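Please treat every number below as a calculation from the coordinates, not as lab data. None of these values were measured; they are calculated from a predicted model. No Cβ is skipped: glycine too gets one built from the backbone with ideal geometry, and neighbour counts run over all protein chains shown.
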Amino acid sequence: MADTAPGMPPPMGQSGPARAREILASSTFRLVLLYALLMGGSVLILLGFIYWSTAVYITRQTDATIEAEIKGLAEQYRRRGLSGLISLVAERSARTPTGAGVYLLADADYRPLVGNIDAWPTAEPDRDGWIDFRLRGSADAADRDDEHAARAKVFQLTGGLRLLVGRDVRDLGAISVLIREALGWGLAFTVALALAGGWLMSAGIKRRIETVNQVGREIMEGDLSRRIPTDGSGDEFDQLAVNLNLMLARIETLMASVRQVSDNIAHDLRTPLSRLHTKLSQLRDLDLGKDAAAGMDEAIADAEELLAAFNALLRIARVESGSRRAAFADLDPVVLLHDVAELYEPLAADKGQRLEVSPAGPDGGSGLRLHGDRDLLFQALANLLDNAIKYTAPGGDIRVAARARDGARSGTVKATIALSVSDSGPGIPPELRDKVLQRFYRIDASRSEPGHGLGLSLVQAVAQLHGAELELADAAPGLQVTLRLRAAPPHGNQHQRRE
Amino acid sequence: MRVLIIEDDAQLAAYLGKALREVGATVDHAADGREGLLLAAGNDYDVLVVDRMLPSLDGLAVLRTLRASDDKTPVLILSALGEVDDRVEGLRAGGDDYLVKPFAFSELHARIEALLRRASPGDQPQTHFKVGDLELDLLTREVTRASKKISLQPREFRLLEYLMRHAGQVVTRTMLLEHVWDYHFDPQTNVIDVHISRLRGKIDRDFDQPLVHTVRGAGYVLREP
């Protein structure tokens with residue numbers, strides 16, 4: 001039994017990682033991600049623009065100040081001569097030992113004469129005479145080792161003397177750093193907020209869509225009376241729910257009228273048919289001639305066939321209408337398989353066919369459980385087995401099997417039970433596999449085999465009622481028909497299993 | 001045998017009445033639930049044949065009322081619905097058997113006979129059955145014919161047990177499926193016939209007098225030669 005026993009049942013709720021995966025895969029979350037990207041981009045552009053304009057503005061201001069000062073000093077030089085300039089420079093240097101102003105008067109060999117910096121900057125001036133250089137230290141002992149940016153302009157005096165007038169622009173650097181930091185944080189906050197918001201939004205939308213999905217699944221499984229809950233808020237989800245509910249109500253009405261029609265057919269046509277059958281049977285009991293008796297037997301057989309096809313059609317309609325779920329109960333599919341096989345075994349034996357059931361021996365139960373209608377599942381399996389015996393040549397092999405499988409589908413783990421009937425007959429070509437499920441369709445065009453072409457349609461209706469997959473495959477050689485059903489949720493402690 | 005038919009389909013009721021009278025029954029007919037309930041309560045019938053869907057009072061309501069007043073008359077429910085949940089509902093309401101329309105009269109007749117047999121006294125549960133020289137013992141699970149032991153498969157044993165319980169009565173294929181195999185379904189082939197023929201091979205083949213007989217258009221009967 002160990003080979004076929006199902007593995008651990010899936011956890012009852014959704015696990016955390018699975019839920020997270022679902023949210024990440026949701027379209028809302030992807031949209032929000034895109035939105036976050038756009039937001040991040042615009043924040044980047046905005047802050048970049050602020051940074052750029054601030055820096056440029058401050059630089060221009062500095063340049064203008066320096067130029068104005070040079071202009072003033074040049075004026076003084078012209079009016080008061082070199083000595084006047086020197087005293088002015090010395091005075092201004094003294095006034096701003098650590099401040100923003102930078103002054104240095106040097107001779108033709110760049111030797112400092114007077115000023116508040118120690119040496120002529122090594123950097124080359126540009127075409128307009130502007131120098132950007134690093135200013136090491138200042139008169140203030142506290143930041144003597146501090147190196148910061150300065151910008152200056154050179155003013156040529158007569159006799160090779162030159163005057164450097166500049167500004168300490170460390171504030172400008174500080175502002176750049178500040179803006180860069182703000183930029184980083186702003187970006188990080190935007191992205192974090194967008195992600196968190198996206199997560200919450202996706203989870204919320206997913207929850208609302210999931211209720212719609214849930215109702216959809218229940219309806220597909222046959223409970224047409226289910227409706228999507230509405231909250232009366234009138235938002236787009238509420239409107240969607242209201243519209244879907246209206247549509248469902250319409251479908252339910254249509255289905256009910258179809259059912260009414262089929263019930264009427266049952267009542268109006270089956271009753272006279274059965275009366276015909278009974279009258280024929282009663283006439284057959286009279287003392288008829290030999291020929292008349294044979295004809296009567298044929299007529300009775302025809303009436304029986306007609307009734308059988310009729311009943312099968314009505315049964316399919318009944319099953320499809322989904323009204324039979326009331327008879328659902330937990331059952332052991334292996335017991336069911338053995339019962340079907342036991343019933344049909346003499347038919348197979350008469351044709352010299354081997355009928356094999358796996359797993360063997362259902363005594364005491366197989367541990368497999370599924371939730372379903374035992375009579376309908378029995379009917380479905382009986383139809384399949386009947387077909388298998390009918391279409392397999394004498395001496396062939398027929399196998400009936402139940403297998404448990406923990407299949408992974410749509411991200412959530414689902415335990416399934418596959419019930420299959422395979423034969424070694426001629427099989428069904430792939431292109432006809434959908435067709436054979438249609439009502440009254442028969443591959444055998446001559447219709448020489450008995451039957452009315454409704455057997456597989458009924459199997460499909462039963463599969464649909466159980467939310468099961470019906471699969472026709474090549475058994476090489478032969479046909480393999482598999483009904484893949486959901487395993488019933490285990491009762492009580494899920495870890496307590498039969499060994 | 002007194003039979004009450006509660007059925008609103010006048011044609012079907014007339015036909016059933018005629019057929020039942022032909023097999024020797026006294027038949028009353030009610031066309032709606034209220035009339036049926038009055039007749040059933042005021043008379044002593046051997047069996048009631050009740051349609052599920054009736055005007056004025058539905059079949060199950062009639063049934064529940066009768067059972068509530070401790071009326072144990074066997075009831076056969078007729079229904080055009082014919083699905084398991086309806087069947088379960090019908091049996092839960094106190095029905096003894098359930099027959100889906102349309103049905104052959106032979107099927108109805110066989111079931112009425114079976115219900116009458118069930119209702120007849122003999123409270124002691126029977127464990128030993130004897131038909132002619134064929135004997136079946138439920139306790140030892142032994143089957144003998146003319147003192148010769150016959151070995152049967154478990155299902156063959158149950159099949160024979162059912163036939164012997166209803167010895168002399170016609171049992172239909174559907175009755176066998178429902179009681180021996182315990183499934184309500186429609187076999188597309190006469191798979192029951194194959195089982196019967198196997199059983200015959202074991203209990204009839206080596207003996208002069210066959211005990212299992214085919215009743216054409218109805219089913220089988222096990223009876224003394």
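Compute the FRET efficiency between A:Met247 and A:Ile443 as 1/(1 + (r/R0)^6), taking r as their Cβ-Cβ distance and R0 = 25 Å, and round to the nearest 0.05.
Between A:Met247 and A:Ile443 the formula returns 0.10.
Which lysines does A:Lys153 reach when only Cα atoms under 24 Å apart count, and residues fewer than 8 places away in its own chain are ignored?
Correct list for A:Lys153: A:Lys71.
Toward the positive end of the charge dipole of the protein assembly as shown, about the Cα centre and with charges on Cβ (Lys, Arg +1; Asp, Glu -1), which of A:Leu343, A:Leu246, B:Leu16 goes farthest?
Result: A:Leu246, furthest along the dipole toward the positive end.
Work out, step by step, the length gained on full extension between B:Ser56 and B:Gln11: first 0.36 nm times the residue separation, then minus their alpha carbon distance; give nm to one decimal.
Computed gain between B:Ser56 and B:Gln11 is 14.3 nm.
For B:Ile150, B:Ile203, what's the fewest-to-most ordering of other Cβ within 10 Å of each Cβ?
B:Ile150, B:Ile203
Report the rotationally averaged projected area of segment A:15-217 based on its alpha-carbon convex hull, in square nanometres.
17.0 nm²
With a bin width of 5 angstrom, please list the P(r) values of segment B:1-96 as percents of all Cα-Cα pairs, from the 0 bin to the one holding the largest distance.
3, 15, 28, 26, 19, 9, 1
Please quote Rg/Rh for segment A:230-309 to two decimal places, taking the Kirkwood radius as Rh and restricting both calculations to Cα atoms.
That ratio equals 1.51.
Apply the Debye scattering formula to the protein assembly as shown, with a single equal point scatterer on each alpha-carbon and no solvent, then give log10 I(q)/I(0) at q = 0.07, 0.08 Å⁻¹.
Each listed q maps to, in turn, -0.66, -0.80.
Rounding to the nearest 20 debye, state how big the charge dipole of chain B is about its Cα centre with +1 on each Lys and Arg Cβ and -1 on each Asp and Glu Cβ.
820 debye
Order these peptides, B:134-140, A:208-214, A:165-171, A:84-90, by their mean beta-carbon neighbour count within 10 angstrom, highest first.
The most tightly packed comes first, giving A:165-171, A:84-90, B:134-140, A:208-214.
Run the numbers on chain B and let me know its relative contact order in percent, using alpha-carbon pairs under 8 Å that are six or more apart.
That works out to 13 percent.
Taking the alpha-carbon distance from B:Lys18 and a cut-off under 12 Å, which aspartates and glutamates remain once sequence neighbours fewer than 8 residues away in the same chain are dropped?
List returned: B:Asp28.
For segment A:120-247, what is the convex hull volume of the alpha-carbon atoms per residue, in Å³?
Dividing the Cα hull volume of segment A:120-247 by its residues yields 245 Å³.
Calculate the mean, over all residues of peptide A:368-379, of how many other protein chain Cβ atoms lie within 10 angstrom of the residue's Cβ.
3
Nearest 0.05, what FRET efficiency do B:Thr127 and B:Val215 give at R0 = 25 Å with Cβ-Cβ as r?
Working from the Cβ atoms, E equals 0.35.
Please compute the modelled spin-label separation between A:Leu157 and A:Asp287, points set 7 Å along Cα→Cβ, answer in nm with one decimal.
Rounded to a tenth, the inter-label distance reads 16.0 nm.
For the protein assembly as shown, what is the percent of antiparallel DSSP beta bridges, rounded to the nearest 5?
75 percent
Calculate the mean, over all residues of peptide B:189-197, of how many other protein chain Cβ atoms lie within 10 angstrom of the residue's Cβ.
Shielding by partners across B:189-197 averages 4.
Between A:Val56 and A:Ala192, what length comes free when the chain is fully extended (0.36 nm per residue of separation minus the Cα-Cα distance, one decimal in nm)?
That pair, A:Val56 and A:Ala192, stretches by 45.8 nm at full extension.
What nm distance separates the two modelled labels at A:Leu24 and A:Ala90, each placed 7 Å from Cα along Cα→Cβ?
Label at A:Leu24, label at A:Ala90, 7.5 nm between them.
Do any of B:Lys72/B:Lys101; A:Lys390/A:Lys435; A:Lys351/B:Lys130; A:Lys279/B:Lys72 go past 27 Å between their Cα atoms, and which?
Correct reply: A:Lys351/B:Lys130; A:Lys279/B:Lys72.
Would you mind ranking B:Glu156, A:Glu221, A:Glu298 so that the residue whose beta carbon has the fewest other beta carbons within 10 Å leads the list?
Starting with the residue having the fewest Cβ neighbours, the order is A:Glu298, A:Glu221, B:Glu156.
For the protein assembly as shown, with only Lys/Arg (+1) and Asp/Glu (-1) charged at the beta-carbon, what is the dipole magnitude about the Cα centre, in debye rounded to 20?
Its charge dipole is roughly 1960 debye.
In percent, how large is the relative contact order of segment B:2-119, given Cα pairs closer than 8 Å and 6 or more residues apart?
23 percent
Could you pull out every residue, at least 5 positions away or on a different chain, whose amide H is within less than 5 Å of the one on A:Val114? Hs are placed 1.01 Å off N in the peptide plane, and Pro or chain starts have none.
HN-HN under 5 Å from A:Val114: A:Leu105.
Could you work out the mean projected area of the convex hull around the alpha carbons of chain B, in square nanometres to one decimal?
So the Cα hull casts an average projection of 12.9 nm².
Highest mean first, how do B:68-78, A:177-187 rank when packing is the count of other Cβ atoms within 10 Å averaged over residues?
Final packing ranking: B:68-78, A:177-187.
For segment B:91-225, place one equal point scatterer on every Cα, skip the solvent, and apply the Debye formula. What is log10 of I(q)/I(0) at q = 0.12, 0.19, 0.21 Å⁻¹?
Debye output, listed in q order: -0.48, -1.21, -1.44.
As a check on your grasp of the helix formula, calculate [θ] at 222 nm for the protein assembly as shown: sum -39500 (n - 2.57) over DSSP H runs of n ≥ 4, divide by the residue count, round to the nearest 500.
-16000 deg cm²/dmol
Hey, if you put +1 on the Cβ of every Lys and Arg and -1 on every Asp and Glu Cβ in segment A:60-123, which of A:Gln76, A:Ser93, A:Pro112 ends up farthest toward the positive end of that dipole?
A:Gln76
Quick one: if you stick a label point 7 Å off each Cα along the C-beta vector at B:Lys148 and A:Thr211, how many nm between them?
Taking the simple label geometry, B:Lys148 and A:Thr211 are separated by 7.6 nm.
Which ordering of B:Thr174, A:Thr230 is given by a fewest-first count of other beta-carbon atoms within 10 Å?
A:Thr230, B:Thr174
Averaged over A:277-289, how many beta carbons belonging to a partner chain fall within 10 Å of each residue's beta carbon?
Counting Cβ atoms of other protein chains within 10 Å of each residue's Cβ and averaging gives 3.
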